[in-house]
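J.: Encoded as structure tokens, here's the structure I'll be asking about.
The values are calculated or read from the model by the stated rules, or taken from the named source; none is laboratory data. Please read these numbers as outputs of a predicted model, since none were measured by experiment. We place every Cβ from the backbone using ideal geometry, glycine too, and count neighbours over all the protein chains shown. Side chains included, ligands, DNA and RNA excluded: accessible areas come from the protein's heavy atoms. Shrake-Rupley method; radii C 1.70, N 1.55, O 1.52, S 1.80 Å.
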Amino acid sequence: MAVTLQQIKDLQNRTGAGIMDCKKALTEADGDIERAIDILREKGIAKAASKAGRTAAEGLTNVKICDKCGAAVIVEVNCETDFVSGSPKFGEFVEAVTARLLEKKPTTLEEAKEVTQDLFTDAVVAMRENFVLRRFEILQAKEGQAYGTYKHMGGKITAVVLLSKDAGDINRGLAMTVASGDPYYLTLEDVPEADRAREMALAQKEVEEDPKLAAKPENVRAMIAERKVASHLGENCLDQKVYALDPDGKLLVKDLCAKEKVEIIKFVRYMVGDGVEASSEE
């Protein structure tokens, strides 16, 4: 029998399952909504939907590179508890999600969720938690370019850098620097004008309110404000960070790159749960 749109909506409202899953279940159940609910529950889809409201603030980040196509994907998958996030089964699930994204190369988060929906449904049924594909990014290397990757604390922090050439062990070292240094920008020149203006306003206020600078000429105070902005923003630039593998703790990334004649084209850093508020509800 033909399944109506209203039946599909009614089933979706009762189970939280996707439209296509509801349509298939109703078709299989010959329009019997109660039987369709049972079918969805048997497949784990209704169970997955019932957990969708629970906060997922734990999890893992991961990165994977396709040597053949030159693409790389970095991803964050969240779960509800650190117990599950540390389990081998969850690690295997995140690896499967990463591989699927690298294969399909979706362009939006919505598309990424669609192409991994079956993996998430199976995982919810197997591990009885809510899982969320929070974010991902795909990088594409051109000929001659290379990646550096690093995972910290088993995947709690993951970083990837795209370089102008293969610099050997430095590739990983730069990724480690991104992971540990948590930079926002690559260089001062990459700082958005809005961010620079905000920092300048703060710096000018500090200078104006500093009694020690009250007698300084206007041009001198303006120069001091500029230095404050450059210093603060520079702390958040990758090229101003100390290279993580420098034994003396003095070598800046910009000096290392100049010495090795390698350029950092792009970097991405994910930390699990960054910006996600965990629920206090059981």
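J.: Give the Cα extents of the range 51-205 along the principal axes, in whole Å, largest first.
T.: Projected onto its principal axes, the Cα set of the range 51-205 covers 54, 45, 29 Å.
J.: At 222 nm, what helix-only mean residue ellipticity would the chain give, in deg cm²/dmol to the nearest 500, using -39500 (n - 2.57) for each DSSP H run of four or more?
T.: -14000 deg cm²/dmol
J.: Could you give the distance between the Cα centres of the range 1-30 and the range 97-144, to the whole Å?
T.: Result: 25 Å between the Cα centres.
J.: Search the structure for amide H atoms under 5 Å from the amide H of Ile265, placed 1.01 Å from N in the peptide plane, and list their residues when 5 or more places away or on another chain.
T.: Leu162, Leu163, Ser164
J.: Just the number, please: carbon plus sulfur as a percent of the accessible area of the chain, 1.4 Å probe, no ligands or DNA/RNA counted.
T.: Using a 1.4 Å probe with all protein chains present, the chain comes out at 49 percent carbon and sulfur.
J.: Beyond a 30 Å Cα-Cα separation, which of these cross-linked pairs lie in this structure: Lys64/Lys89; Lys156/Lys266; Lys23/Lys156; Lys104/Lys254; Lys104/Lys165?
T.: The pairs that break the limit, which is 30 Å between Cα atoms, are Lys23/Lys156; Lys104/Lys254.
J.: Compute the longest continuous run of the chain that contains no exposed trypsin sites (Lys or Arg not before Pro); treat a site as exposed when its DSSP state is not H, G, I, E or B and it has at most 16 other Cβ atoms within 10 Å.
T.: Longest gap between qualifying sites, sites excluded: 166-249.
J.: Send over the semi-axes of the chain's equivalent ellipsoid, whole angstrom and largest first, taken as the square roots of 5 times the C-alpha gyration tensor eigenvalues.
T.: Taking √(5λ) for each eigenvalue gives 47, 24, 17 Å, largest first.
J.: Using r as the Cβ-Cβ distance of Met271 and Lys68, and R0 as 25 Å, what FRET efficiency do you calculate, to the nearest 0.05?
T.: Approximately 0.30, to the nearest 0.05.
J.: Another question about this same structure. Which percentage, to the nearest 5, of the DSSP beta bridges contained in the chain is antiparallel?
T.: Once the DSSP bridges in the chain are tallied, antiparallel ones form about 95 percent.
J.: Given Cα pairs under 8 Å that are at least 6 residues apart, what percent is the relative contact order of the range 1-122?
T.: 17
J.: Additional query: In debye, nearest 20: dipole of the chain around its Cα centre with unit charges on the Cβ of K, R (+) and D, E (-)?
T.: Using Cβ point charges on Lys, Arg, Asp and Glu, the chain gives about 340 debye.
J.: Here's something else I'd like to know. Dividing the convex hull volume of the Cα atoms of the range 128-276 by its residue count, what figure in Å³ per residue is obtained?
T.: 176
J.: Here's another thing I want to ask about it. Please give the per residue accessible area of the range 3-146, computed with a probe of 1.4 Å over protein heavy atoms only, in Å².
T.: In whole numbers, the range 3-146 has 52 Å² accessible per residue.
J.: Given Cα pairs under 8 Å that are at least 6 residues apart, what percent is the relative contact order of the range 55-161?
T.: That works out to 35 percent.
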